[in-house]
Structure formats: structure tokens, C-alpha cells
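Below: the structure, in C-alpha cells.
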Amino acid sequence: MSEFVHLHCHTEYSLLDGAIRLKDLCARAKDHGMPAAAITDHGNLFGATHFYNYCKDVGIKPIIGCEVYVCHDHTDRESALARRRFHLVLLAQNNDGYHNLVRLVTRGFLDGFHYKPRVDKEQLRKYSEGIIALSACLAGEIPRALAQQGMEEAEALTREYMDIYPNRFYLELQSNGLREQEVLNEKLLELAERTKLPLVATNDCHYLNADDADAHEVLLCIQTQTTMDDPKRMKFETRELYYKSIEEMEKPFSHVPEALSNTLRIAEQCNVTMRFDQHFFPVYNLPEGMTLDTEFRRLAEEGLERRLARHPNRDTLDIARYHERLQRELSVILEMGFPGYFLIVQDFINWAKDHGIPVGPGRGSAAGSLVAWALRITNLDPLPYNLLFERFLNI
């Protein structure tokens, strides 16, 4: 079995930065004889489920990760520190860890977005369970401290991360043609000795093949809105950020073989399973004493009464026809097990309407449902137009 697995990899979902297609990544890991592959895109998990399935298709283990942006305070958008952020590689060790990773990424976008989706150490600590952390590249907080502030500051930061991720934090070595990285590696070896932390070798892969480096530079130009002939353009000062073979990784790390074998150790610990054979609906909070069925029926019947009371043609309506249609639809929906679906949809549709968020009148087969109209999911009375509920649901 291979003694190395790539654990730091940016795919097409590291938007305008990574250039590795997911299927190609999985196929290349398999070709290299690696038992697993990892995805660690910048700040997001956009490719996670696709990657998981592609790995399963070729018979290797998927390792779901993310390279998050860590800042001092994810709510700060004003101070001089607001745009200061560091990289940190996080890998889901198990399903709890995957869920925590999802929570971190979500909070980064919803609460912490400022040029990039950011998280802070309070959030890292809150959602640390089931996650393995790597110190990342030159843009990581510990590497930056080693380069700019010295060993003492770097050690203090390292012990902070060790406390957040007890027995799950690794110092990351890379050998990718950057002189600055080679200098950093020596300092990381010293730091590992001082803290007794394990080392792990990665290559911070951004493209699949060595000769993809030029195409990747074009991608960076698109990201930074510049051109290849601009001498000041952003570019990587190396052409080695590709998906190297085991032999290519072994050569520069022959003096620290444990950094290679630790990749396999980490891969063995990462066991996330995803299920695609069932639906996972949100939990609908019911009033005391009510079930999904009774609450659904109550809201639909009360909603219809409100609709009819405000109907412009109230005096000429066949009220019995409306009641009969409602009960017929309710019986079908209940028999088919869909009350939870209706309750959830009406919950967010009505919340949007009550908070001034535009919502369309309804479209497609759902417009044929009187229940949907009664619950304010749609805004079209289907009876005058002879719209068929059976187009939406039927036994």
C-alpha cells in the first residue's frame, strides 16, 4: 500500500485558483496507487458530494476537507485587521467532523464574509470535534509567525492550535520549489521538536500535471483581472504545485519519512460516510399536542377560510366545492406522507412574505393545488381555471 496520500488539494471549486477537475483528481490518485484522496478547497465545500461519489466510483477513500480563512474576529469589517487572514487546512475525521466543517463554512459565508468567507478561533474551538487540522502553507498563521515574528511567537500560536485540536494537529511541510518554503521547513522541524507535534508532507496542489502551470497562470490572471504580459501580476513563483507521484514526494522528504507515513495515518482516521438513499427534511417545530398531520390539516383549513373571506367573488362562490376539494387534496397528501413537505415550504414562503422578500405567485403543477393556495405557498385560486391537483400529486 502507498505510504503517501495528498491531503492538501485545490480543485475546480477553489474558484479561479484551483484547476483540478474532480474526476481527474480521483483517477490520478488511483493511478498513483494511493488509497485515498482529499479535497481542501478555499473556504468552501462546494465539491464535497461530487468528490465523494467520484472517489467511490474508482474505489478510493474520500477525505473531505477545506482550507479555511482564519481571522481575529469574523464579525470585524472595519478595523485595520479586517482583511488580515490566515490559511488553515481542516479535514473531517468522521461524520461529526464533517457536520462541524459544514457549520464552520456556513458561518464563514453568512456571518464572516469580507472579501473571503472568514472564521475566527472562537468558532474553530466551538466546531473542533471530529476535525484534524494542518498548519497549511506559507499563508498559514504559524508559518507567517515563523517567518516574521520568530520561534517564540510561533510556538505560542502552535500550542493554541494544539489546545483547539488536541492530538489532531499537524505541522505541514511542503517542498514545491519555493526558497522561502525550504527555509520555513527547517524552522518547522525545530518547532516540531519543541512541541512534540507530528509532521505531515503535502504539496498544496493547484493543478494536475506539471505542464498545467501555464494554464493555471492564465486562471490567476482572470481572477485578478490582469494579463499575462503584466510584470506586476499575481503569480506563483514555482511550477511544482501539481499532483505529484509517490516517488516525487518521497525524494525531498527522505530525511523525514514520518511526514510521508503520517499522511496515510491521517487518511486511515478519516471516515466520512454520506447517504443518498433518503431525504433529510428540516425539523418542523410543532405546537404542543399536535402532529404533522393534525397541524397540516389545521393550517390548511384555517388558511382556506381566510382566503375565502377575502375573495373578491365571495358572494358567488360555491363554498361547498372549495371545502370538498380541500378535503380531497388533504386526504391524498396525508396518504402519500407529504404533510411535512407542505409545512416546511409554507413556513419559509410565509416568512419571506412577512419580511418583505418577493415571492412569486407559484408555477408548474403546484399551481393546481388548493392546499398550496390555502397555505399561501401559491397565490392562484385553481378552481376558476379548472387546474388539476392530480398533475401535482395523485395516488
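The values are calculated or read from the model by the stated rules, or taken from the named source; none is laboratory data. Computed from a predicted structure; not experimentally measured. Here Cβ is always computed from backbone atoms with ideal geometry, including for glycine, and neighbour counts include all displayed protein chains.
Just to be sure before I move on: is Phe86 touching a helix residue (DSSP H, G or I) at 6+ places or on another chain (Cβ under 7 Å), among the aromatic types (Phe, Trp, Tyr) and closer than 17 Å to Ile164 by Cβ in the structure I sent? Walk me through it before giving the result.
Values: touching a helix residue (DSSP H, G or I) at 6+ places or on another chain (Cβ under 7 Å): yes; among the aromatic types (Phe, Trp, Tyr): yes; closer than 17 Å to Ile164 by Cβ: yes.
Spelling it out, Phe86 is indeed touching a helix residue (DSSP H, G or I) at 6+ places or on another chain (Cβ under 7 Å), among the aromatic types (Phe, Trp, Tyr) and closer than 17 Å to Ile164 by Cβ.
Filter the stretch 72-89 for residues that are in a strand (DSSP E or B) and buried (at least 24 other Cβ atoms within 10 Å of the Cβ) and give the result.
Keep residues of the stretch 72-89 that are in a strand (DSSP E or B), which gives 86-89.
Across the stretch 72-89, the qualifying residues are His87, Leu88, Val89.
Given the criteria under 22 Å from Phe280 (Cα atoms) and touching a residue at least 24 places away in the same chain (Cβ under 8 Å), does Phe342 qualify?
Values: under 22 Å from Phe280 (Cα atoms): yes; touching a residue at least 24 places away in the same chain (Cβ under 8 Å): yes.
Yes.
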Selection over the stretch 114-140 where residues are aliphatic (A, V, I, L, M), more than 15 Å from Gln93 (Cα to Cα) and touching a residue at least 60 places away in the same chain (Cβ under 8 Å) yields a count of 1
Single match in Asp41, Asp96, Asp57 (criterion: more than 22 Å from Gln269 (Cβ to Cβ) and not aromatic (Phe, Trp, Tyr))
Asp57
Considering every residue within the stretch 276-284, establish whether at least one is in contact (Cβ under 8 Å) with a residue 24 or more places away in the chain, under 26 Å from the mean Cα position of the chain (by Cα) and under 26 Å from Tyr207 (Cα atoms).
no
I'm checking my understanding of the structure. Among residues of the stretch 25-44 that are touching a Ser or Thr at 6+ places or on another chain (Cβ under 8 Å) and without any contact (Cβ under 8 Å) to a residue 60 or more places away in the chain, which one is surrounded by the most Cβ atoms within 10 Å (Cβ to Cβ)?
Ile39
Under 7 Å between Cβ atoms, at least 6 apart or on separate chains: pull out the pairs that start in the stretch 288-314 with a residue that is surrounded by 18 or more Cβ atoms within 10 Å (Cβ to Cβ) and end on any residue that is of a type in the set (Val, Ile, Thr).
Ala300/Val371
So which pairs qualify, if the first residue must be in the stretch 1-24 and among the basic types (Lys, Arg), the second must be assigned to a loop (DSSP other than H, G, I, E, B), the Cβ gap must be under 9 Å, and the two must be at least 6 apart or on different chains?
Arg21/Thr11; Arg21/Glu12; Arg21/Leu208
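I want to confirm something. Restricting to the stretch 363-377 and keeping residues that are assigned to a helix (DSSP H, G or I) and not aliphatic (A, V, I, L, M), which single residue is surrounded by the fewest Cβ atoms within 10 Å (Cβ to Cβ)?
Filtering the stretch 363-377 down to residues assigned to a helix (DSSP H, G or I) leaves 364-368, 370-374.
Now restrict to residues that are not aliphatic (A, V, I, L, M): 364-365, 368, 373.
Numbers: Gly364: 9, Ser365: 15, Gly368: 22, Trp373: 26.
Among them, the one singled out is Gly364.
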Scanning the stretch 266-275 for residues that are in a helix (DSSP H, G or I) and in contact (Cβ under 8 Å) with a residue 40 or more places away in the chain gives Ile266, Ala267, Gln269
Result of the Cβ filter at 8 Å on the stretch 90-110, keeping first residues that are assigned to a strand (DSSP E or B) and partners that are among the polar types (S, T, N, Q), at least 6 apart or interchain, is Leu90/Thr40; Leu91/Thr40; Ala92/Asn100
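Go through Gly360, Gly337 for me and flag whichever is out of contact with any Cys (no Cβ under 8 Å at 6 or more places or on another chain), over 26 Å from Val283 (Cβ atoms), in a loop (DSSP other than H, G, I, E, B) and among the small types (Gly, Ala, Ser). Don't jump to the end; show me each part of the working.
Values: Gly337 fails: over 26 Å from Val283 (Cβ atoms).
The match here is Gly360.
Being small (Gly, Ala, Ser) and in a loop (DSSP other than H, G, I, E, B) is the filter here, so list the residues in the stretch 1-47 that pass it. I'd like the intermediate steps shown before the answer.
Initial filter on the stretch 1-47 (small (Gly, Ala, Ser)): 2, 14, 18-19, 27, 29, 33, 36-38, 43, 47.
Matches in the stretch 1-47: Ser2, Ser14, Gly18, Ala19, Gly33, Gly43, Gly47.
Got a sec? Which of Asp41, Asp17, Asp31 is over 23 Å from Val102 (Cβ atoms) and either of a type in the set (D, E, K, R) or modelled with pLDDT under 95 (or both)? Walk me through how you get there before you give the answer.
Details: Asp41 fails: over 23 Å from Val102 (Cβ atoms); Asp17 fails: over 23 Å from Val102 (Cβ atoms).
Answer to the selection: Asp31.
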Report every pair of residues separated by at least 6 positions or lying on different chains whose Cβ atoms are under 7 Å apart, first residue within the stretch 226-252 and assigned by TED's automatic domain parsing to the domain that holds His32 and in contact (Cβ under 8 Å) with a residue 40 or more places away in the chain, second of a type in the set (A, V, I, L, M) and not in a helix (DSSP H, G or I).
Glu237/Leu178; Thr238/Leu178; Tyr243/Ile20; Tyr243/Leu208; Met249/Ala201
Criterion violated by Ala133 - all others in (1) over 22 Å from the mean Cα position of the chain (by Cα); (2) farther than 19 Å from Leu241 by Cα satisfied:
(1)
Could you tell me whether any residue of the stretch 165-173 is surrounded by fewer than 22 Cβ atoms within 10 Å (Cβ to Cβ), out of contact with any His (no Cβ under 6 Å at 6 or more places or on another chain), at pLDDT 95 or above and more than 30 Å from Cys26 (Cβ to Cβ)?
yes
